Structures are given as structure tokens and as C-alpha cells.
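Just below is one structure, and these are the notes that go with it.
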Amino acid sequence: MATESLFSRLVAVQVKCQGCEERRINVRVSIELQSTSNPIHRKDLVVRLTEDADPFFLYSLVISEEDFQSLKLQQSLLVDFSAFPQRFIDLLQLCIQEQNKDIPRFLLQLVSSGPNLEHAPSSLNVVETNPFKHLTHLSLKFLPGNDGEIKKFLATCLKCIKEEKLLLEQKLKKTEEELTRQLSYTQQSLSEKSRELDKLRNEWTSNTASLTNKHSQELTNEKEKALQVQAQYQQQNEQQKKDLEHLHHKTVQQLQNRLKELEIANKDLTERRYKGDSTVRELKAKLSGIEDECQRAKQEVLSLRRENATLDGECHEKEKQVNQLQTRVAVLEQEIKDKDQLVIRTKEVLDATQEQKAILEENTEKKQIQIGKLEATLKSLSTELLKANEIIKKLQGDVKALMSKLKLKNTVTIQQEKLLAEKEQLLQKEQKELQKAEGSCREKEQEVCKLQEQLETTVQKLEESKQLLKTNENVITWLNKQLNEIQVTRKQEVLGTSTPPSNTVSRTGISLHNMVDSRIPFLNSGLSYPISPLLAFQSFPDTTVKSANQQPSGAKVHFNMQLPEANRCTDTKPVLTAMSHPTNKENGETLGLEAKYLKKREDSIPLRGLNQNTSHNTGLLKSSALKKTHIPSKAASPPTASAYFPG
């Protein structure tokens, strides 16, 4: 047995019982199609009425194809068994659409023969309310469920609920697992971010201290400038004040003259107003008289319309009579024309007969013998004519009956025309409602367009942020390369201080200082905004040229170096400083990178994209450093950026 559920929804039903008041209940109507093919292939339509609040409320109806044929004859249905379920569902949907209205057009009525719904069989009626009467489109008899049927129904409901429960439990487990994974991942990321935050705070405190000292000096300079500017502005304000007072006196005199003119105009206007009020009163009196006449005219129009309606009916009837008479006249005219043609033919025949009379007189003797025979045939023809006359009389009676039927049809058509006019009015109302709905749809579409525009703007912002991230990553990789170059040059300088004379050391110190000074703005900025690597590279050649021609003036960067163990000599100790730099006497701090950024930590993480480039760039960096310092390179590969940027 295969079951196919077609419909299952809550519907408002009007309940009618004997000796009880009418009430409305929300009933769940479920329609199923059961097909069995065990002994014989047959289909049954099962309709159940249940209430969600009351589990013992159960009414059921099983309609087979044989039962449907009897139902079709009883209620004069025009639908087959295959199309009946869909038509029934359409009627239910119409009831659902109309149930929230004060006066619904389609109603579902559950009428029981007994005082209670639980024991007595009841009928479900689909009713349409007309201005004339209530039309029942369909009435189905339902039987209340036995204990066994109720138990089966409750068992199926329990089974469905258990299946839903199992599905929900499985979903819950999956969601819990996903949430635990996400929680662990977020906790890890939070711990990493907190570490980064601590490091950034330390950097921030050092930067703020240096910036406050600079700003205090700038503030004092700006205060002095502000005092000078204030004195200039006070002089200008005094001159402007005098000019404005002079202008104010002029404007006051002009306004006084204007006020006098306006007072004169106001008097004229008040006089005109009084005149206007008197004319308005007269017009109101006239208007009241005209309104009375208008009401009388409206009453006369209504009476004339009524008379016009009666006259239209009489005119319609008279037009029908005229049409009937015109048809009769046309028939009579055709008969007259036929008779005229017969007269002409008879005249022609008479002329021919007179000519033939002489011939016929000769042949009369011969014909008399034939006449005897023809008289016998005439007698038989006369009997047939009598029968034909009787048939004609019967046909005339049928024509009279048809005429009476035509009159009835005319009256029916008039009623149908009235119904058509009413339906046209209803159609117009529905068209107006449709136009309103279309207007609301357009407004919704406009809102959707606005939301789409907002979405597009957010997507553009997202793409811009992604591009910003990419540029930041490029800057980080560029900084790593620069740090590697600085490290290599520093090592070469440390190695160079032990072997060559003092002249070479001073040269390398100058070039290194100038290169590092040119890069300090990028390192101290904290990467608060993206820096293109091309611009950074363009600033280096100028600084190197200046370093060759001029002596270094201003602050110099102090680097603390640690040589790798592979390149340390046993005889000589490692030189940790490339060259000494003076401190900032005003602030009491050393300029450049601090020692904590240049020390290597155990928990440091190498910056992304650096390990791939170190092996490729070491040879190039060594050669460039050798050209600047003129010292043979014996240093090993530079350490990773994790030594300078821990974490």
C-alpha cells in the first residue's frame, strides 16, 4: 500500500450542532491518496479532520472510485475521480484565503446531527455566500474515529515526532562538534593576538614618549606665533566694528521708511478685507440657495432615472415585438413575390393551352380513356393530402410551443445581463486591488535595488581592504630584504675593522649611517599605512651620494650585532658595535632601533616570504657590500628576520 499526502493545513471551520451556538475551530485538514495493487489495483482518497489542541478529535472519510460515482450523481459534480482531489484542495485554499475577512465569501461548515461532535457523524460543507443565498459546492459525510482508529492515528503521530527528534539530535551533535572546533580555533587565535598586542603596546609607549617631547617644543613655538596673530586680528576687528556701526545706522533709517510705507499699505488691505468679508457673506447666502436647488435637481434626476429604467424595459420589449413583426412582413412579402411569379407563369400557360386546345380537343377522345385511369390515382392522392394537412397542423402547434420557449429565454437573458453587469463591477474592484498590489511590488523592487547597491559598495570596500592587505604584505617582505642587506653590511664592517686601516672603516661607517638614516622613517612608522616598495628604493641613491661627498650631521643609528658561531675567530673577540653614535641630548634617548628589536628570541616566528628569498639574495648583497667597502667578504649567510622582529 502506497500513500501520497496531497494537502495538510490548518483551516478555520464553522461548527454547527443541535441545540448549541455556532463556533469557529482551527481544524487540520489532511488529504491522502492510497493506492493498493495486491488483489486489484484501486485508489482511495482518505480525508482526515484533526485538531492540534485535542488529540482525540478525529474524523475520517474514505472515498473509493465507486463511492465517488454515487457522490457525483447525488451532488451533480462535473469532475472525474482523478481531478477531484485537486479541485477539493482548490476549494480549501479559497476558504483559507477568505477566513481572515469579516464576511468571507467561501466557508467551511462542519454540521453534526447530534448535540456533540464526538459521537455523531457530521458533514463538511464548502459554502459560497452570494447576495442572494448560500450555495453549497460540496458536502462530505465524515465518521468519528473509533478507539482503534484514534490509537493508530496517535501512534503514527508519535512515530513522526520520534523521527523528527532523531533528526534534530543528529543535527545538534553536528553543530556542537562544529562549534567546539571553532571555539578551540578562536581561543588559539586569541592567545596569538594577545601576544602581538602586548608587543605592540610596548612599542607604542616608546614612540609616544619621543613624540610628546617633540610636540612640547612645537607647542611653545606655535603659542608665540598665535599671540602675534591675535594682536593683528584685534586691530582689524576694531576697524570692521566701526564700519559695521555706520552701515547699521543707514539700514535702520531705511527700515523705518519701509515701515511707514507698509503701515499705509496695511490700512488699504484692511479696508479691502472688510469689503471682501461682506461679499463672502452674500455669496454664502447665494450658495445655500443654489445647494437647495441642487438637492431638488438631484431628486428629480433620481426620479427621472427610475422612469428611464422602466422606459428602457418597455422599449426593449417593444423592439422585440417590432423585430417579430418585421420578420412576419418579410415572410409575407416573399409570399406575395412568389404569387406574382405564379400569376405570370399561369398567363403563359394559358396562352400555351389555348394554342394546344385545338390539338387537345382532337386528343380528348384518346385522353378520356386515360382520365378514367387518372381518377383512380386522384382518389389515392386526396387521401395522402389529408394526411399531409394533419402533419402541418401538428407542426404549427410545435411552432407555437417554441415561441413560448423563446419568450422564456429572453427573460432569462435579461437576468443574465444584470448578473454580468454585477460581475463587471466586481472585476473593476479586483483590478483596482491588483493595481495597488503592483504599486507595492514596485516599491519593494526599489528597496531591493537599494539593498543591492549597498551590497555592491560593501563588496568594493572588501576588495579595497584585500588590496591594502596585499600591499602591507609586500612592504613587510621589502623590509625583510632591507634588514638582511643591513645585517650583511654590518657583518662585513665588523670583519673589516679587525684587518684594514682606519680610512676604510670611516668610509663604511659613513655609508652605513646614511643608508640607515634614510630607512629610519619606514621602520619607525609602525606600518600604520601601506608604503610602496618602489618609492622606498628610490630614496636610497640620493642618500648614498650625499654620504660620499659630505660628513654625517645629526643623529646616527646604533646597531648591536651578534656574529654567528661559525664565523667567530678563536684568537680575536667579536666586535659588537659598528661605530659609536651620539645620543639626543635634549631628550636623553638614543636614536635608531633599540637593542630589544635586534636580539634573537627562542619563541620568534620568521616573517612570511623571507626564507625563500634569503638563499637567492645573499650573493648579490655580498657583492654590493664589497663594492662599497672594498673589503673581501668572509661572512656566512645572514640570519633570518626573526632575530630582529621577534614574534
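The values are calculated or read from the model by the stated rules, or taken from the named source; none is laboratory data. Just so it is clear, the structure is predicted and the values come from calculations on it, not from any experiment. Neighbour counts run over all protein chains shown; Cβ positions are idealised from the backbone, glycine included. Note: areas computed on protein heavy atoms with side chains; ligands, DNA, RNA excluded. Shrake-Rupley method; radii C 1.70, N 1.55, O 1.52, S 1.80 Å.
Any idea which residue in the stretch 31-63 is surrounded by the fewest Cβ atoms within 10 Å (Cβ to Cβ), counting only those that are of a type in the set (Ser, Thr, Tyr) and touching a Phe, Trp or Tyr at 6+ places or on another chain (Cβ under 7 Å)? Working first, answer last.
From the stretch 31-63, those of a type in the set (Ser, Thr, Tyr) are 35-37, 50, 59-60; that's our starting set.
Applying the additional criterion that residues be touching a Phe, Trp or Tyr at 6+ places or on another chain (Cβ under 7 Å) yields 50, 59-60.
Values: Thr50: 21, Tyr59: 24, Ser60: 17.
Looking at the filtered set, the residue picked out is Ser60.
Each row is one residue, and each column tells you yes or no for (1) open to solvent by 90 Å² or more (accessible area, probe 1.4 Å); (2) modelled with pLDDT under 85.
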position	(1), (2)
Gly313	no, no
Lys318	yes, no
Val322	no, no
Leu325	yes, no
Arg345	yes, no
Lys357	yes, yes
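For the stretch 75-97, state whether one or more residues are within 37 Å of the chain's Cα centre (by Cα), open to solvent by 50 Å² or more (accessible area, probe 1.4 Å) and within 16 Å of Gln34 (Cα to Cα).
Taking the stretch 75-97 first, the residues within 37 Å of the chain's Cα centre (by Cα) are 83-97.
Those left that are additionally open to solvent by 50 Å² or more (accessible area, probe 1.4 Å): 86-87, 90, 93-94, 97.
Keeping just the survivors that are within 16 Å of Gln34 (Cα to Cα) gives 86.
Among the residues of the stretch 75-97, at least one is within 37 Å of the chain's Cα centre (by Cα), open to solvent by 50 Å² or more (accessible area, probe 1.4 Å) and within 16 Å of Gln34 (Cα to Cα), which makes the answer yes.
Out of all the residues in the stretch 1-49, which are part of a strand (DSSP E or B) and of a type in the set (Val, Ile, Thr)? Before you say what the answer is, go through the steps one by one.
Of all residues in the stretch 1-49, those part of a strand (DSSP E or B) come to 2-16, 23-36, 42-49.
Thr3, Val11, Val13, Val15, Ile25, Val27, Val29, Ile31, Thr36, Val46, Val47, listed by residue number.
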message = Can you pull out every residue in the stretch 139-165 that is open to solvent by less than 100 Å² (accessible area, probe 1.4 Å) and assigned to a helix (DSSP H, G or I)?
response = Gly148, Glu149, Ile150, Phe153, Leu154, Ala155, Thr156, Cys157, Leu158, Cys160, Glu163
Some residue of the stretch 394-401 being open to solvent by 100 Å² or more (accessible area, probe 1.4 Å) and closer than 30 Å to Gly313 by Cβ = yes
ask   = Looking at this structure, is Leu179 part of a helix (DSSP H, G or I), of a type in the set (A, V, I, L, M), more than 45 Å from the chain's Cα centre (by Cα) and surrounded by 10 or more Cβ atoms within 10 Å (Cβ to Cβ)?
value = no
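Which count do you get for residues in the stretch 50-66 that are in a loop (DSSP other than H, G, I, E, B) and in contact with a Gly (Cβ under 6 Å, 6 or more places away or on another chain)? Spell out the reasoning first.
The initial filter retains those residues of the stretch 50-66 that are in a loop (DSSP other than H, G, I, E, B), namely 51-57.
Within this subset, residues satisfying the condition of being in contact with a Gly (Cβ under 6 Å, 6 or more places away or on another chain) are none.
Of the residues in the stretch 50-66, 0 are in a loop (DSSP other than H, G, I, E, B) and in contact with a Gly (Cβ under 6 Å, 6 or more places away or on another chain).
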query = Would you call Leu262 among the aliphatic types (A, V, I, L, M), within 60 Å of the chain's Cα centre (by Cα) and part of a helix (DSSP H, G or I)?
reply = yes
